[in-house]
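Some notes on the structure that comes next.
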Amino acid sequence: MARRRQSVTIKHVAADAGVSLQTVSRVINSGANVHPKTNERVQEAIDRLGYVPSIAARRMGGSSSYLILSLNDRDRTIADWTNREGADWVDQMLFGGMIKSAELGYRLLLELVDTHNDHVERELRETIAALQPDGVILTPPHSENPLITTLLDEEGISFARIGSLGAGPGIALTMDDEEASSLATRHLIALGHRRIGFIAGSNEYSLSARRVAGWRDAMAQSGQSVAELLAPGDFSYASGEQAAATLLSLADPATAIIASNDQMALATLSVCNARGMVVPDDLSLISFDNTPIVRFVQPPLTAIDQPIAQLASKAVELIVTAHRGLGVPDCPVVVPASLVERKSTAPPRPANPR
């Protein structure tokens, strides 16, 4: 009776080929330092038995663990999950990272780390010692935490910094938040808007400042003032409500608003509904993120689509390249965002005659 594939282990292959476990592992890892005839015999055993190499078997052959670790912010991620408010940022990151990892023979693991924890260095060292990853993906705010990036650099671990453009070790990747924000602003200007408000994200993330900069630059290039039109937020729904109320209560209120994430955009939509305002008749609205929910609200929201899956996929590809000693780009890698137009933007209403 043929042996079931899932029951075949490296031990079966070694016994069938008459070699050691280490020899089989070296063959699995491209046959380095294995005599051609031995390599051929092991390959025949693998084919005959239908053996599928496990990560454990591959790790026996050398310095690779075939694991890539993604670090996410513990507090924010758990809060979103607990409150059932999670955007699909984590899902998209895992989707892109896992697919590319599997394609390259790796596995992606997710770890939650509290960047504010005084014991973050010890916690991270323990995680690295236990898993021995070949590389690490850092997402904001970890991607800009010098304690974490310095530690990984000292450990000689290849890592990618998503959303971070600051100087330092690691591979920087960005969707170009400044250009994305400018793209949204230019879209509204082309529709005829001049009073375009902007709800900023948390100051903890440098990308928040870059989004504000893109809005400012686009407004300046079209000769528009931004006075009173910048409202602070922290990516939470509550901060979006407060910011929207501020922008809509100005003596000369905003006719359009760009919110730095979907939660604050949804909060803005709620404020409009409470005031009897209709989007986009009374206010045009653009969001960042483009999570599934913005397609299902009324009206569906125009949004900046963050290429999270593509960024994670590229991060994995570059980490594996770096781990193999093949070199990596010395400047930030840009995976550009795009604007998805829906029904929440329209030309402003004509001004009432005085």
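The values are calculated or read from the model by the stated rules, or taken from the named source; none is laboratory data. In this text the structure is predicted, and so the values were computed from the model without any measurement. Here Cβ is always computed from backbone atoms with ideal geometry, including for glycine, and neighbour counts include all displayed protein chains. Just so you know, the surface numbers come from the protein's heavy atoms only, side chains and all, with ligands and any DNA or RNA stripped out. Shrake-Rupley method; radii C 1.70, N 1.55, O 1.52, S 1.80 Å.
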(request) Might you let me know whether the stretch 95-115 holds any residue that is hydrophobic (A, V, I, L, M, F, W, C), crowded, with 20+ Cβ neighbours inside 10 Å and in contact (Cβ under 8 Å) with a residue 60 or more places away in the chain? (result) yes
(message) List the residue pairs whose Cβ atoms are under 7 Å apart, where the first residue sits in the stretch 200-225 and is part of a loop (DSSP other than H, G, I, E, B), the second is crowded, with 19+ Cβ neighbours inside 10 Å and aromatic (Phe, Trp, Tyr), and the two are 6 or more positions apart or on different chains.
(response) GLY201/PHE235; SER202/PHE235
(request) Can you give me the ranges of the helices (runs of 4 or more DSSP H) entirely in the stretch 252-354 with at least 2 residues that are within 30 Å of SER65 (Cβ to Cβ) and open to solvent by less than 60 Å² (accessible area, probe 1.4 Å)? (result) 308-323
(request) Search the stretch 26-54 for residues being within 16 Å of TYR106 (Cβ to Cβ) and either surrounded by 14 or more Cβ atoms within 10 Å (Cβ to Cβ) or of a type in the set (Gly, Ala, Ser) (or both), and hand back the single one that is modelled with the lowest pLDDT. (result) SER54
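Condition check ((1) farther than 12 Å from ASP177 by Cβ; (2) buried (at least 21 other Cβ atoms within 10 Å of the Cβ); (3) over 20 Å from the mean Cα position of the chain (by Cα)) across all residues:
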residue: ALA190; (1), (2), (3): yes, no, yes
residue: ALA213; (1), (2), (3): no, no, yes
residue: ALA220; (1), (2), (3): yes, no, yes
residue: LEU229; (1), (2), (3): yes, yes, yes
residue: TYR237; (1), (2), (3): yes, no, yes
(request) Please go through the stretch 141-156 and pick out each residue that is open to solvent by 20 Å² or more (accessible area, probe 1.4 Å) and either modelled with pLDDT of 90 or more or out of contact with any Ser or Thr (no Cβ under 7 Å at 6 or more places or on another chain) (or both). (result) PRO146, LEU147, THR150, ASP153, GLU154, GLU155, GLY156
(request) Identify the residue in the stretch 192-211 that is modelled with pLDDT of 95 or more, farther than 13 Å from PHE288 by Cα and touching a Ser or Thr at 6+ places or on another chain (Cβ under 7 Å) and, among all such residues, is most open to solvent (accessible area, probe 1.4 Å). (result) ARG195
(request) Return only the number of the condition from (1) open to solvent by 20 Å² or more (accessible area, probe 1.4 Å); (2) farther than 27 Å from VAL335 by Cα; (3) in contact with a helix residue (DSSP H, G or I) (Cβ under 9 Å, 6 or more places away or on another chain); (4) at pLDDT 95 or above that THR246 does not satisfy. (result) (3)
